[in-house]
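J.: I'd like to ask some things about the structure below.
The values are calculated or read from the model by the stated rules, or taken from the named source; none is laboratory data. Model, not experiment: these values are computed from the prediction. Glycine also receives a Cβ, built like all others from the backbone with ideal geometry; neighbour counts cover every protein chain displayed. Accessible surface is based on the protein model in full, side chains and every heavy atom, while ligands, DNA and RNA are left aside. Shrake-Rupley method; radii C 1.70, N 1.55, O 1.52, S 1.80 Å.
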Amino acid sequence: RSPAGMLLVAAGLLLAVAAGGRGSPAGEQESPPGSRFVCTSLPLDAAGAGCPLPPVPMQGGALPPEEELKATVLQLRETVLQQKETIGSQREAIRELTGKLSRCEGADGKSAAGAWKNEVGKGKDTMGDLPRDPAQVIDQLSRTMQTLKDRLESLEQQLRANVSYAALPSDLREMLQRRLGDLERQLLSKVAELEDEKSLLHNETSAHRQKTETALNALLERVSELEKGNSAFKSPDEFKVSLPLRTNYLYGKIKKTLPELYAFTVCLWLRSSASPGIGTPFSYAVPGQANEIVLIEWGNNPIELLINDKVAQLPLFISDGKWHHICITWTTRDGMWEAFQDGEKLGTGENLAPWHPIKPGGVLILGQEQDTVGGRFDATQAFVGEMSQFNIWDRVLRAEDIMNIANCSINMPGNIIPWVDNNVDVFGGATKWPVETCEERLLDL
């Protein structure tokens, strides 16, 4: 209702009261009991002529009722405008914070940090520099949200202190309560989202850190291997394994294993002056068969080749303390075998484990004979000396290829087991040393 209308109503009430309190003028007949007065509204400019308004009594200097009502309305309007302005400023702060949170949620790591710092440089800095740790970002955002909530609670307390809720219209109170409730729900929702994002970032950061550390450790191990290899050997195959004592704990181990084989060629350089017998240059054992492939010279017996525990004696003579090149070939077809020393074929035979394929997945040991897979060595069967260029192929090499390898004409590593540094481990005091050149070994024959 407008102030002008309210003034008209007040004027009408005053007229009614005045008319009821006055007596009839002299010479006029009083109205009979039960009669009613009819009040007709007049224009403001005609009120003075037709029906003069009595003066409103002043009580203790207080304002007239219409003035007091008008002052109350003005005060309420000013309070509403102030609250609108305050809510607008808070809404702008929330919009700014929401924008920053959106950029934080849409970016990761360094890119988010860069965008945040650019925004801080351009506009108002309400949160300070973004920490580098994502967990710290979430904690600082949570603190900022709590600060904003505290500011809203302070605003509500100011509203209660300055303006009584009873004096505010009911629709204004409900509107303010709804707006405050909406703001609080939005803040709680944002805080919950930030907590979820914090947990997710923590998990992703931990997984990424673990993955990075694993990759770095692998690289460090690889660098260490390369540094070790470069410091000891000019190339990965220019080394020898030294087994100086006849014990059951000095040995070398090939890291790779054999696949199923239907034929093979084994070649190696070795030097031994042990007596009697050179021992076991190499042995290959599989589950259920410790003597799958064995080359051994034990006691006063000749050198023997064992395949699946079947034996063939080889016409080789290498216990003179000099370097010798040894090659042995075998095939499942009729169990045929060949023995080469220093490039020359010295013997051949057949019926050595015919039609028996070599089983895969076993353990290949240098310098010891295995009674179980990878263990139970016997010191009397140990190899004493040095060996190098141990290679295995999955086929029978031609005699001319073997000759070329023995006289240093070609370097042909094995396609199944090549002689490389990182494929050979030594144990129990066995060592790796730079080996003499192929030509130097050849002169030693």
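J.: Here's a check for you: in the stretch 392-409, which residue that is open to solvent by 70 Å² or more (accessible area, probe 1.4 Å) and free of Cβ contacts under 8 Å to residues at least 24 places away in the same chain is nearest to ILE293 (Cα to Cα)?
T.: ARG398
J.: Grab the strands (runs of 3 or more DSSP E) fully contained in the stretch 370-445, keeping just those with 1 or more residues being in the same structural domain as ALA339 (by the TED database) and more than 25 Å from SER283 (Cβ to Cβ).
T.: 431-434
J.: Residues of the stretch 258-276 being closer than 20 Å to LYS310 by Cβ, open to solvent by 10 Å² or more (accessible area, probe 1.4 Å) and of a type outside the set (Phe, Trp, Tyr), which ones? Spell out the reasoning first.
T.: First, the residues of the stretch 258-276 that are closer than 20 Å to LYS310 by Cβ: 258, 260-266.
Filter once more, so that each one left must be open to solvent by 10 Å² or more (accessible area, probe 1.4 Å): 260, 262-263.
Of everything in the stretch 258-276, those that are closer than 20 Å to LYS310 by Cβ, open to solvent by 10 Å² or more (accessible area, probe 1.4 Å) and of a type outside the set (Phe, Trp, Tyr) turn out to be GLU260, ALA263.
J.: Examine the stretch 213-222 for a residue that is surrounded by 12 or more Cβ atoms within 10 Å (Cβ to Cβ) and not aromatic (Phe, Trp, Tyr), and state whether such a residue exists.
T.: no
J.: Let me ask you something else. Got at least one residue in the stretch 223-237 being under 26 Å from VAL420 (Cα atoms) and open to solvent by less than 20 Å² (accessible area, probe 1.4 Å)?
T.: Narrowing the stretch 223-237 to residues under 26 Å from VAL420 (Cα atoms): 223-237.
Next, from what is left, pick out any that are open to solvent by less than 20 Å² (accessible area, probe 1.4 Å): 229, 233.
Yes, because at least one residue in the stretch 223-237 is under 26 Å from VAL420 (Cα atoms) and open to solvent by less than 20 Å² (accessible area, probe 1.4 Å).
J.: Also, quick follow-up: Do we have any residue at all in the stretch 425-439 that's of a type in the set (Asp, Glu), without any contact (Cβ under 8 Å) to a residue 40 or more places away in the chain and over 20 Å from THR257 (Cβ atoms)? Step through it out loud before you land on a result.
T.: From the stretch 425-439, those of a type in the set (Asp, Glu) are 425, 436, 439; that's our starting set.
Filter once more, keeping what is without any contact (Cβ under 8 Å) to a residue 40 or more places away in the chain: 439.
Filter once more, keeping what is over 20 Å from THR257 (Cβ atoms): 439.
Yes, some residue in the stretch 425-439 is of a type in the set (Asp, Glu), without any contact (Cβ under 8 Å) to a residue 40 or more places away in the chain and over 20 Å from THR257 (Cβ atoms).
J.: Something else: Which residues, counting only those in the stretch 354-366, are open to solvent by less than 10 Å² (accessible area, probe 1.4 Å) and in contact with a Gly (Cβ under 6 Å, 6 or more places away or on another chain)?
T.: If the condition is that a residue be open to solvent by less than 10 Å² (accessible area, probe 1.4 Å) and in contact with a Gly (Cβ under 6 Å, 6 or more places away or on another chain), then LEU366 is the only one that fits.
J.: Let me ask another. Can you name the condition, by its number, that LEU201 falls short on among (1) open to solvent by 50 Å² or more (accessible area, probe 1.4 Å); (2) assigned to a helix (DSSP H, G or I); (3) modelled with pLDDT of 80 or more?
T.: It is condition (1) that LEU201 fails.
J.: Over 15 Å from LEU268 (Cα atoms) and either aromatic (Phe, Trp, Tyr) or within 50 Å of the chain's Cα centre (by Cα) (or both), is that true of GLY414?
T.: On the way: over 15 Å from LEU268 (Cα atoms): no; either aromatic (Phe, Trp, Tyr) or within 50 Å of the chain's Cα centre (by Cα) (or both): yes.
No; evaluated as a whole, the condition is false for this residue.
J.: So if I check each of PHE317, PHE340, which one is assigned by the TED database to the domain that holds ASN404, in a loop (DSSP other than H, G, I, E, B), more than 55 Å from the chain's Cα centre (by Cα) and not acidic (Asp, Glu)?
T.: One residue alone meets the criteria, PHE317.
J.: I need the full set of residues from the stretch 311-369 which are touching a Cys at 6+ places or on another chain (Cβ under 9 Å) and closer than 18 Å to ASN301 by Cβ, in order please.
T.: Once the filter is applied, which keeps residues that are touching a Cys at 6+ places or on another chain (Cβ under 9 Å) and closer than 18 Å to ASN301 by Cβ, the stretch 311-369 yields ILE326, ILE328, ALA339, GLN341.
J.: Here is a check on your reading of the model: is TRP355 farther than 23 Å from LYS322 by Cβ and either at pLDDT 95 or above or not assigned by the TED database to the domain that holds ALA312 (or both)?
T.: Numbers: farther than 23 Å from LYS322 by Cβ: yes; either at pLDDT 95 or above or not assigned by the TED database to the domain that holds ALA312 (or both): no.
It is false that TRP355 is farther than 23 Å from LYS322 by Cβ and either at pLDDT 95 or above or not assigned by the TED database to the domain that holds ALA312 (or both).
Residue by residue, here is whether (1) open to solvent by 20 Å² or more (accessible area, probe 1.4 Å); (2) in contact (Cβ under 8 Å) with a residue 40 or more places away in the chain; (3) under 18 Å from PHE390 (Cβ atoms) holds:
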residue: VAL286; (1), (2), (3): no, yes, no
residue: GLN289; (1), (2), (3): yes, yes, no
residue: GLU292; (1), (2), (3): no, yes, yes
residue: GLU297; (1), (2), (3): yes, no, yes
residue: ASN301; (1), (2), (3): yes, no, no
residue: ASN308; (1), (2), (3): yes, yes, no
residue: PHE317; (1), (2), (3): yes, no, no
residue: HIS324; (1), (2), (3): no, yes, yes
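J.: Mind listing whichever residues of the stretch 67-92 are over 54 Å from the mean Cα position of the chain (by Cα) and open to solvent by 90 Å² or more (accessible area, probe 1.4 Å)?
T.: Matches in the stretch 67-92: GLU68, LYS70, LEU74, GLN75, ARG77, GLU78.
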